[in-house]
Structure formats: C-alpha cells, structure tokens
Amino acid sequence: QQQVKQSPQSLIVQKGGISIINCAYENTAFDYFPWYQQFPGKGPALLIAIRPDVSEKKEGRFTISFNKSAKQFSLHIMDSQPGDSATYFCAATRGFGNQFYFGTGTSLTVIP
Amino acid sequence: DTAVSQTPKYLVTQMGNDKSIKCEQNLGHDTMYWYKQDSKKFLKIMFSYNNKELIINETVPNRFSPKSPDKAHLNLHINSLELGDSAVYFCASTQGKETQYFGPGTRLLVL
C-alpha cells in the first residue's frame, strides 16, 4: 500500500513557468515532510522540508504548501529553469526508526 | 569529504553469482538504510539499521542480507543474483528525523 501518493508522474514546463507537484498521505502520525531532488546518475538530495505546524515554507524559488486537514502537500517551483529538470520525490516520516515513505516520483522537464 | 559513500559504483555480474555492496557514512548518524530504485525510479526501502540493530526489514527475498559491523557501515550481500535484481541500490543515513543523506548509488546489472 502506497503511504504517500504523488502526482503527476511527469511534468513539462516552459522556462519561467511554475512547476507544481502534489502529494497526499493517509497516516496522520507523519510529522516531517521532505522533498528530494534527484538528477540522473545521482542519489536523491534534500531540497526543502516542512513540519505540519506550518502551512507554507519558502526557500528561494521553492515553496512547500501544506494542508493538514486535507492531508496534502505540494511543491511549487517558481520561475522554473532548465537546471531544475530532475526527478522530484515527496516523502513522509514518523516515529522510531524513521522510516521514510516516498512518493513514486515526478520527472520534471523544463523547456528553454 | 563524501558524507555517504558506496562501493562499487557499477557492478555487472552473471546470474547466480554472489555480490556485496559496501556503504560508509562519516556523518556520525545512528540510522542507515538500503533502498532499491527500479527503472521507473521508484524508491523501495529494503532495510534499516539503528546503532547496528536491524529495525526495518521490508519484504525482500532472503537472498539479500544486510550487515552492519558498526554504526558507520552498512553492507548489503546478495546471493544467487537474478535478472530482476538489476537496479540502482542506494544507501542512506539519518540522525533522528532530520535529513536523510543518500549515497551516489550502485548500479547493478545482472546478465
């Protein structure tokens, strides 16, 4: 059973546009929601993360919006650049052992 | 300095062979993981160790056996390799609920 559902599977955006990736979860015990960025041939790397006590977190062009009641969170990439082309994973975690539940990934392509 | 390192980076082998992948982290983290990433990029957790103790053991064939000699190392041994084992294997580490740091991956191809 997929604990974190992610959409879309792929996304093509024009340079300068806004990229939006959505995730949903069921387990209300999750209390840390990171987003990872993975370039081809590399391991995933933390991009930005949020805890459920805030509704939004912004770092540069990257913003997480968090809706606790809907159990949804999303990544917005403003002014998307070709260098943002990568696979993005949302994740959620809780508790001892810190198992990270990953979404299925979104392949983002930013067209010049 | 590399935070999480894996060796080898590439591994090409024949079906039926036994192989090992090594992982080391120099971050002082307590928890380490092994993930399998298939051709569709899906990240599937396989194992997790906390202070050398196995705490997550997902549904993985028992041909896969993790070993943690100390909290900085988590190795993965695979017996009787099958075609379906071809994937990228990532090691990761974390401290508490903070960032999970991934290694560069080991690309395994079973022929």
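For this structure, a couple of remarks:
- Computed from backbone phi with θ = phi - 60° and the Karplus coefficients 6.51, -1.76 and 1.60, the 3J(HN,Hα) list for region B:54-71 is 5, 10, 10, 9, 6, 5, 10, x, 6, 5, 9, 9, x, 9, 10, x, 7, 6 Hz; x is used for glycine and proline.
- Inter-chain shielding of A:38-46 (mean C-beta neighbours from other protein chains, 10 Å cut-off): 5
- For region B:1-36, the residues whose amide N sits under 11 Å from a probe point set 7 Å from the Cα of B:Q95 along the beta carbon direction are B:26-31.
- Among B:K71, B:K41, B:K19, the residue with the largest mean-square fluctuation in a Gaussian network model of chain B, with springs joining Cα atoms closer than 10 Å, is B:K41.
- As a rough guide to protection, the peptides B:28-34, B:103-109, A:56-62, A:3-9 ranked by mean Cβ packing within 10 Å, highest first, stand as B:28-34, B:103-109, A:3-9, A:56-62.
- Per-residue mean of foreign Cβ neighbours for B:101-107 is 3 (Cβ atoms of other chains, 10 Å radius).
- Label-point gap, in nm, between A:T28 and B:L83 - each point 7 angstrom along Cα→Cβ: 4.8 nm
- Where the Cα pairs of chain B fall when distances are cut into 5 Å bins, in %: 2, 13, 24, 27, 19, 10, 4, 1
- Förster radius 30 Å - calculated FRET efficiency between A:Q81 and A:S10, Cβ distance, rounded to 0.05: 0.95
- Using a Gaussian network model of chain A in which every pair of alpha carbons under 10 angstrom is joined by a spring, one finds that among A:Q72, A:Q99, A:Q14 the greatest mean-square fluctuation is at A:Q99.
- For region A:4-111, the antiparallel share of DSSP beta bridges with both residues in that region comes to about 90%.
- In the protein assembly as shown the Cα-Cα distances spread across 10 Å bins starting at 0 as 8, 33, 35, 20, 5, 0 percent of all pairs.
- Net charge of Cβ neighbours under 12 Å - reference B:K9; Lys, Arg +1; Asp, Glu -1: +3
- Cα-based reach from A:K58 at 20 Å (exclusive), listing aspartates and glutamates while leaving out same-chain residues under 8 positions away: A:D31, A:D79, A:D84, B:E98
- The convex hull drawn around the Cα atoms of region A:4-111, when projected onto a plane and averaged over every direction, covers 6.5 nm².
- Placed amide H near A:T104: partners under 5 Å, 5+ positions off or other chain: A:Q6
- Mean per-residue shielding of peptide A:102-109 is 3, counting Cβ atoms of other chains within 10 Å of each Cβ.
- Applying the Karplus relation 6.51 cos²θ - 1.76 cosθ + 1.60 with θ = phi - 60° to region A:19-36 yields 3J(HN,Hα) values of 9, 10, 10, 10, 9, 9, 9, 10, 7, 6, 7, 4, 9, 8, 10, x, 10, 10 Hz, where x marks Gly and Pro.
- Spin-label zone in region A:17-36 - amide nitrogen under 15 Å from a point set 7 Å from the Cα of B:I55 along the C-beta vector: A:31-32
- Straight-distance crosslink candidates among lysines, where the alpha carbon sits under 17 Å from B:K41 and sequence neighbours closer than 8 are dropped: A:K5, A:K42
- As a calculated quantity, the FRET efficiency between B:V12 and A:R94 at R0 = 45 Å, using C-beta atoms, amounts to about 0.70.
We did not get these values from a lab; they are worked out from the coordinates using the rules stated. Worth saying up front: this structure is predicted, and the values here are computed from it rather than measured. Methodologically, a virtual Cβ is constructed for each residue, glycine included, from the backbone with ideal geometry; neighbour enumeration extends over all protein chains shown.
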